[in-house]
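The values are calculated or read from the model by the stated rules, or taken from the named source; none is laboratory data. Keep in mind it's a predicted model, so treat the numbers as computed, not measured. Note that we place each Cβ from the backbone using ideal geometry, even for glycine, and neighbour counts take in every protein chain shown.
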């Protein structure tokens, strides 16, 4: 049989464990939920922000757009209204970072849930026709309805990169000799606000994106 002191030690240890659990539960109940920043132009590297926006501190959102996807369908901001989405910029003939980015985006496609969309903008729309995008989409496993590869007016695409998503260092006006290149994936919320930037060439950044996506999703359940 256990001695009185042995029983006392067991009781004490049990109470200590129970107390630790209670403290942990209270801590988690009382600590504020994690929140992602809402990126404004004034918060982003000035080299990536158009000079007309660099000091803007609030109300920044992705501008309206009208582009064409791999199926020849016109895609506008209305297709993303009320949706969280992840955006990037690429071109189908890119031999360097784009294949890695597309591979990582395809991996995200299978992990983000049906309520989150993807949007990839071609930075060489004069090359990336609807037919070219369709061929690329089939090769890379793009799921129609979930991931749009878009082409269209070059100036509009370049303005989106510079003035909406704030991801490129060039002030290119979309002229025939302009070329932008960025590895950034951009997390956009249901109000078209920027909530995160991630290096689309790095697997660890994709894990960070998935984690922060869950935080963003949870913010809409409060």
Problem - Residue under evaluation residue 220, criteria (1) more than 14 Å from the chain's Cα centre (by Cα); (2) at pLDDT 95 or above, criterion not met - result: (2)
Fill in the blank from the handout: Taking the range 187-210 and keeping residues within 11 Å of the chain's Cα centre (by Cα) and in a helix (DSSP H, G or I) leaves 205, 206, 208, 209, 210
Completion exercise
For the range 125-148, pairs from a residue that is on the phi > 0 side of the Ramachandran plot and touching a residue at least 24 places away in the same chain (Cβ under 8 Å) to a residue that is surrounded by fewer than 21 Cβ atoms within 10 Å (Cβ to Cβ) and part of a helix (DSSP H, G or I), with Cβ under 6 Å and 6 or more apart or across chains, are 141/106
Completion exercise
The strands (runs of 3 or more DSSP E) lying wholly within the range 28-114 that contain at least 2 residues that are surrounded by 14 or more Cβ atoms within 10 Å (Cβ to Cβ) are 66-68, 84-90
